[in-house]
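First up is the structure itself, then whatever we jot down about it.
The values are calculated or read from the model by the stated rules, or taken from the named source; none is laboratory data. Keep in mind it's a predicted model, so treat the numbers as computed, not measured. All Cβ positions, even for glycine, are placed from backbone atoms using ideal geometry, and neighbour counts span all protein chains on display. Areas reflect the complete protein model, heavy atoms only, side chains present, ligands, DNA and RNA absent. Shrake-Rupley method; radii C 1.70, N 1.55, O 1.52, S 1.80 Å.
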Amino acid sequence: MGMGSDMYRQQILDHYKSPRNYGELEDPTFTHVGENPMCGDEIQMDVKLEDDEETIKHVAFSGDGCAISQASASMLSGKLAGKTIDELLEMDRDDIVDMLGVEISPMRIKCAVLAEKVAQDGAKIYRGELDKSKTSTED
Amino acid sequence: MSQRNVGTLDIERIRSDFPILEREFDDQQVVYLDNAATTQTPDPVIDAMSDYYRYTNSNVHRGIHHLSQEASEAYERAHDRVAEFIGASGGREEVIFTKNTTESENLVAYSWGLNELGPGDEVVLTEMEHHASLVTWQQIAHETGAEVKYIQIDEDGRLDMDHARECITDDTAILSAVHVSNTLGTVNPVAKLTEIAHKHGALSFIDGAQAVPNRPVDVEEIDADFYAFSGHKMAGPTGIGVLYGKKQLLEEMEPYLYGGGMIRKVTFEDSTWADLPWKFEPGTPPIAEAVGLEAAIDYLEEIGMERVQAHEEELAEYAYEQLKAEGDVEIYGPEPGPDRSGLVGFNLESVHAHDLASIMNDHTVAVRAGDHCTQPLHDKLGVAASARASFYVYNTREEIDKLIDAIDDARQLFA
């Protein structure tokens, strides 16, 4: 079997079928929506910071998408709690691939990094480093 | 036109012309069902292009040497061959070679649209337009102050012809419609649409990218003012598209791109334009691709366009029935019949189209997943993406069975 079924290991399917932190936060510090125009998927990431305005307290996500983008959002939302904004902004696609624990085919990498990209863009907008209402994996 | 019973194709012989179909990934032979995106290229087309580069290559309309003369003749003759193939009685003067269907749309939108459209004018499109025409006319309308209207589709994925009659009015300047939808497979009544447009003094542009490859097309029977298609979707090469236009209209239009080869006389102050079709073909054109396109037409006509159509319709019908029997597959577009082409768009309940395509790729089944350059239509269908299987002369029922196996596998994985 090729790369595809490897992509759908139990962990991915589990997060897809029972996503963690799915929904919207009641009082997020910031919230951001981004899309992957290649497949039309849209994801919203809500982030609540601690009082230090640096440390991430909660993350929730919402939106529909493929198994890869949804599982990635679900796993990322758990992983980010306790991290700082700087640590979020330092993450790159290798971190996401490591987190997913499977090989991601080149055509699907944008699905995998959608949640990370949306969270990072939301953080940049929150810090005033980016001025955009909606961002995309094509940016 | 044709009766259904036009004889089956010698698939084995046809497949032997396409070495790519022998390719294997992970010890599984490729099942290529992405023909609406691009078709595979048979040996005679590849050979024609190789021979051109090996023995004839030269620039056209420049040198007076032997090679340039041969290259020029081959390039010009390809125009005649295309004209004959689509029933353009005006010959080469009505056939412009572009890069692809999209460029053909842009040529008319810029050359004719920018000059002729203004506030109060209407451009009528269909809800099933490809972005090639939708985005192009939308943006030209923004630029000129014209208004864009969309003919709605009904729940079966056919055009609502009553709504078409409402949309097309005396204010309509041009109608641009797909002949065959790349997402729904619907074959539109483009001759009827053109007749309605003409009654109101409007022009008709037909996007035939998904029609010319798989059915006999006669532009004069449709009475289209413009008709566009691409080489790479009809067993030909990438990098070449066709714009057919009625001679009188093309003569009146200004060039779209300027440069060498499209001029008659140039001074430091001004220039005049070459005759049709060269006026619209500046710079060094796609010469080898024109040779390849002619070879592709020869190849298809040797099979016979009516037989190509019958084969595709048969496969589409088989795929439709197999998918329907699955029970949890939503299929888009009309039921099999004369107004349905050889492509099937669908979604498997509970599995995203991209995941489905990845799992199909595990079975080495190549399909398209995404919005197929029809985002507004997908919005209307209420889905972000769909999967699409599309067939050509070399595909078989067994390959559709493999598609179904892959769907069963995906269902199981996501259960």
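For the reader, a short list of remarks on this structure follows.
- Net charge of neighbours whose Cβ lies under 13 Å from the Cβ of B:GLU147, counting Lys and Arg as +1 and Asp and Glu as -1: -3
- When the P(r) is computed for segment B:162-255, the part past 15 Å accounts for 61% of the Cα-Cα pairs.
- Helix runs (DSSP H) in chain B reaching 18 Å along axis by Cα, Kyte-Doolittle at least -1.0: B:66-86, B:131-144, B:287-303, B:397-414
- Chain A: most fluctuating residue of A:ALA115, A:ALA123, A:ALA81 per GNM, C-alpha cutoff 10 Å: A:ALA81
- The packing ranking, built from the mean of other Cβ atoms within 10 Å per residue, places the peptides B:347-357, B:106-116 in the order B:347-357, B:106-116, highest first.
- DSSP bridge orientation in the protein assembly as shown - percent antiparallel, rounded to nearest 5: 65
- Mean Kyte hydropathy of -1.0 or more with a Cα span along the axis of at least 20 Å, helices from DSSP in chain A: A:109-126
- Only one residue of B:SER386, B:VAL291, B:GLN248 has its Cα farthest out toward the positive end of the dipole of the protein assembly as shown, where Lys and Arg carry +1 and Asp and Glu -1 on Cβ, and that residue is B:VAL291.
- Taking all protein chains together and a 1.4 Å probe, the residues B:GLU289, B:GLU335, B:GLU399, A:GLU50 rank B:GLU335, A:GLU50, B:GLU289, B:GLU399 from largest to smallest accessible area.
- Efficiency of FRET from Cβ geometry, B:THR38 and B:ASP160, R₀ 41 Å, rounded to 0.05: 0.85
- Protein-only accessible surface at a 1.4 angstrom probe places the residues B:ASP408, B:ASP10 in the order B:ASP10, B:ASP408, largest first.
- Inter-centroid distance (Cα atoms) of segment A:89-139 relative to segment B:247-278, Å: 49
- Max mean-square fluctuation residue, GNM over chain A, Cα-Cα springs under 10 Å, options A:SER74, A:SER62, A:SER18: A:SER18
- Among A:82-90, B:70-78, the peptide with the highest mean count of other Cβ atoms within 10 Å heads the list, and the full ranking is B:70-78, A:82-90.
- Between segment B:136-194 and segment B:358-392, the Cα center-to-center distance that results, in Å: 23
- About its Cα centre, the dipole of the protein assembly as shown is roughly 680 debye, where the only charges are +1 on Lys and Arg Cβ and -1 on Asp and Glu Cβ.
- For the residues of B:367-373, the average number of beta carbons from a partner chain within 10 Å of their own beta carbon is 2.
- In Hz, Karplus ³J(HN,Hα) per residue of segment B:16-31 (6.51, -1.76, 1.60; θ = phi - 60°; x = Gly, Pro): 5, 7, 10, x, 4, 5, 7, 5, 10, 10, 6, 6, 10, 5, 5, 10
- Candidates B:HIS232, B:HIS198, B:HIS61, ranked by Gaussian network fluctuation over chain B, Cα under 10 Å, top entry: B:HIS61
- Comparing A:PHE61, A:HIS15, A:THR137 along the charge dipole axis of segment A:7-139, the residue lying farthest to the positive side is A:HIS15, per the Cβ-charge model.
- Farthest towards the positive end of the charge dipole of the protein assembly as shown, among the residues B:VAL308, B:GLY327, B:ALA173, is the Cα of B:VAL308, using unit charges on the Cβ of Lys, Arg, Asp and Glu.
- Convex hull volume of the protein assembly as shown per residue (C-alpha atoms, cubic angstrom): 184
- Sequence-separation-based contact order of segment A:3-127, relative, with Cα cut under 8 Å and 6+ spacing, percent: 30
- Here the contact order of chain B, divided by its residue count and restricted to Cα pairs under 8 Å and six or more residues apart, works out to 21 percent.
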